[in-house]
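The values are calculated or read from the model by the stated rules, or taken from the named source; none is laboratory data. Just so we're clear, the structure is a prediction, and the values are computed from it rather than from any experiment. Please note: Cβ atoms are built from the backbone with ideal geometry, for glycine as well, and neighbour counts cover all protein chains shown. SASA here: full protein model, heavy atoms, side chains in, ligands and nucleic acids out. Shrake-Rupley method; radii C 1.70, N 1.55, O 1.52, S 1.80 Å.
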Amino acid sequence: MNAENSSARPDELIILRAPTVADGADLWRLAKGTGVLDTNTPYAYLLWARDFASSSVIAEVEAEPAGFISGYSKPSDPDTLFIWQVAVDSAFRGRGLAKKMLFELVQRTGASRLETTITADNEASIALFTALAREHGTELERRSLFTEDLFPAAEESGETHAAEDLYIVEPLNR
């Protein structure tokens, strides 16, 4: 993630905003384009943009969709922001967009706690959430959550899914 800040361009226009239904197809394309995220049906991204826009963010660079973060407030704990997916188009990586989006979303939602799940090999996401914890003067806590055996078998689903660990950042300064 350190390289992410190295090629930021101060002259380009970056807009961070809540997604709208009109962004649903772009969210799907961005997720699919990463090559690593679980890509959901396009319909799911339309619903996400409709129902969870206030806890999600899309980044536009020079009016082009460049990345998004989808999140939601946990129904059992509305002060907890759960981050579901973080995507940055390959053409826009290395500009600090993931960090900008995450920090803006945390500030906008006023969450006091953040949760996300990350596979053990996803160093970029671990670094991103570690930076958030550092910014808020706290630690990134990791716990086992979803083991491989909880996911459908590869023969059934067509894919092998790695374990997802729960990462927690708290307290978040308000």
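Values for this structure:
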| item | result |
| --- | --- |
| Net charge over other residues, Cβ less than 13 angstrom from the Cβ of T116 (K, R count +1; D, E count -1) | -1 |
| Proximal charge balance of A162 [Cβ under 9 Å; K/R count +1, D/E count -1] | -3 |
| Environment charge at D89 (Cβ cut-off 13 Å; Lys +1, Arg +1, Asp -1, Glu -1) | 0 |
| Dipole magnitude of the stretch 38-125, debye to nearest 20 (Cβ charges: Lys/Arg +1, Asp/Glu -1, about Cα centre) | 180 |
| Test item: Cα-centred dipole of the chain, Lys/Arg +1 and Asp/Glu -1 on Cβ, debye | 640 |
| Charge dipole of the stretch 93-174 about the Cα centre (unit charges at C-beta), most positive-ward option of H161, F146, L97 | L97 |
| Shape call, the stretch 1-102: gyration tensor on alpha carbons, a/c limit 1.5 | prolate |
| Per residue convex hull volume, Cα atoms of the chain, in Å³ | 119 |
| Accessible solvent surface per residue of the chain, calculated while the other protein chains remain in place, 1.4 angstrom probe, Å² | 54 |
| For the stretch 9-44 versus the stretch 83-117, the gap between their alpha-carbon centres in whole angstrom | 12 |
